[in-house]
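Q: One structure follows; several queries about it will come next.
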2 protein chains.
Amino acid sequence: MRLTKMQYQATVTIEQKAGMLDPEGTTAKRALGHLGYAVESVKTAKLYEIVLEAESAEVAEQKVDEMCQKLIANPIIHNYTIKLKELN
Amino acid sequence: MRLTKMQYQATVTIEQKAGMLDPEGTTAKRALGHLGYAVESVKTAKLYEIVLEAESAEVAEQKVDEMCQKLIANPIIHNYTIKLKELN
């Protein structure tokens with residue numbers, strides 16, 4: 001029995017944990033201030049859009065979680081969320 | 001008549017335009033391959049979460065658009081989208 005694979009798109013959002021410094025956000029806030037835009041706060045985050053094949057949504061989610069743990073996120077300073085969408 | 005200001009949170013997503021190189025995505029895809037995760041593609045994007053005060057949603061959106069044009073995005077290589085949420 002050949003197991004058909006589906007295609008999924010995972011959107012991974014990686015943010016700094018609360019209390020962690022966000023130098024890019026701090027710099028952007030200061031620069032915006034110099035341009036005359038007084039904002040309350042600026043937080044930055046990174047987005048990864050990964051397209052992969054897997055037997056099921058559960059398998060896809062589990063693989064992407066492993067990718068986050070092993071490579072994409074730093075569990076010590078980052079929080080990450082995964083949103084999954086079936087493509088075909 | 002004192003104009004009351006509302007607080008808004010703008011989420012700005014900045015992506016490379018189609019056809020533009022995405023070195024971070026390419027590197028991540030290769031590294032994931034070395035770890036045994038064969039994925040179809042990896043695209044990266046940047047997220048800015050800006051909290052600001054403004055007289056209305058239209059004024060807030062317009063200010064954030066100016067911030068993108070002047071500082072946060074590079075209109076030549078980036079596409080950007082703005083999602084606005086009233087906070088109070």
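The values are calculated or read from the model by the stated rules, or taken from the named source; none is laboratory data. Nothing here was measured: the structure is a model prediction, and the numbers come from that model. For neighbour counting, all protein chains shown are included, and Cβ atoms are generated from backbone atoms with ideal geometry for every residue, glycine included. We work out accessible area using only protein heavy atoms, side chains counted, and drop any ligands, DNA or RNA first. Shrake-Rupley method; radii C 1.70, N 1.55, O 1.52, S 1.80 Å.
Q: Along the charge dipole of chain A, Cβ charges K/R +1 and D/E -1, which of A:GLN7, A:ALA31, A:CYS68 sits furthest on the positive end?
A: About the Cα centre, the residue reaching furthest to the positive side is A:ALA31.
Q: Give me the percent of accessible area attributable to carbon and sulfur for the protein assembly as shown, probe 1.4 angstrom.
A: Answer for the protein assembly as shown: carbon and sulfur cover 53 percent of the accessible area.
Q: For segment B:28-37, just list the computed ³J(HN,Hα) in residue order, Karplus coefficients 6.51, -1.76 and 1.60, θ = phi - 60°, integers in Hz, with x standing in for Gly and Pro.
A: So the J values, rounded to whole Hz, are 4, 4, 5, 5, 4, x, 5, 8, x, 9.
Q: Residue by residue through segment B:5-13, which ³J(HN,Hα) values in whole Hz follow from phi under the Karplus form 6.51 cos²θ - 1.76 cosθ + 1.60 (θ = phi - 60°), with glycine and proline marked x?
A: 9, 9, 9, 10, 10, 9, 9, 9, 10
Q: List the GluC sites (Glu not before Pro) within segment A:40-72 that fall in a DSSP loop (any state other than H, G, I, E or B) and whose Cβ has at most 13 other Cβ atoms within 10 Å.
A: Hits after loop and neighbour filter: A:GLU40, A:GLU55.
Q: About the Cα centre of chain A, what is the dipole size in debye to 20, counting +1 per Lys and Arg Cβ and -1 per Asp and Glu Cβ, all else neutral?
A: Value, rounded to 20: 200 debye.
Q: For the interface of B with A, what's the total buried accessible surface in square angstrom, probe 1.4 angstrom, rounded to the nearest hundred?
A: 2700
Q: Sort out for me the Cα centre separation of segment A:17-32 from segment B:2-45, rounded to whole Å.
A: Each part's Cα centre sits 18 Å from the other's.
Q: What are the ³J(HN,Hα) values, in whole Hz, obtained from phi via the Karplus relation 6.51 cos²θ - 1.76 cosθ + 1.60 with θ = phi - 60°, for each residue of segment B:49-63 in sequence order, with x given for Gly and Pro?
A: 10, 10, 9, 9, 9, 7, 6, 7, 5, 4, 5, 4, 4, 5, 4
Q: I'd like the residues of segment A:33-50 whose 1.4 Å-probe accessible area shrinks by no less than 50 Å² going from the isolated chain to the full set of protein chains.
A: Buried on complex formation: A:TYR37, A:GLU40, A:LYS43, A:ALA45, A:LYS46, A:LEU47, A:TYR48, A:GLU49.
Q: Eight or more residues apart or on different chains, and alpha-carbon atoms under 21 Å: count the Lys pairs in segment A:14-88 matching that.
A: 15
Q: Further question: Any chance you could list the semi-axes, whole Å, largest first, of the equivalent ellipsoid that the Cα gyration tensor gives for segment B:6-86, using √(5λ)?
A: For segment B:6-86, the semi-axes come out at 33, 14, 8 Å.
Q: Could you pull out the longest piece of chain A with no exposed loop trypsin sites (Lys or Arg not before Pro) in it, calling a site exposed if DSSP puts it outside H, G, I, E, B and it has at most 15 other Cβ atoms within 10 Å?
A: A:18-88
Q: Then there's this: Using Stokes-Einstein with the Kirkwood hydrodynamic radius over Cα pairs, what translational diffusion coefficient do you get for the protein assembly as shown at 25 °C and a viscosity of 0.890 mPa s, in µm²/s rounded to a whole number?
A: 137
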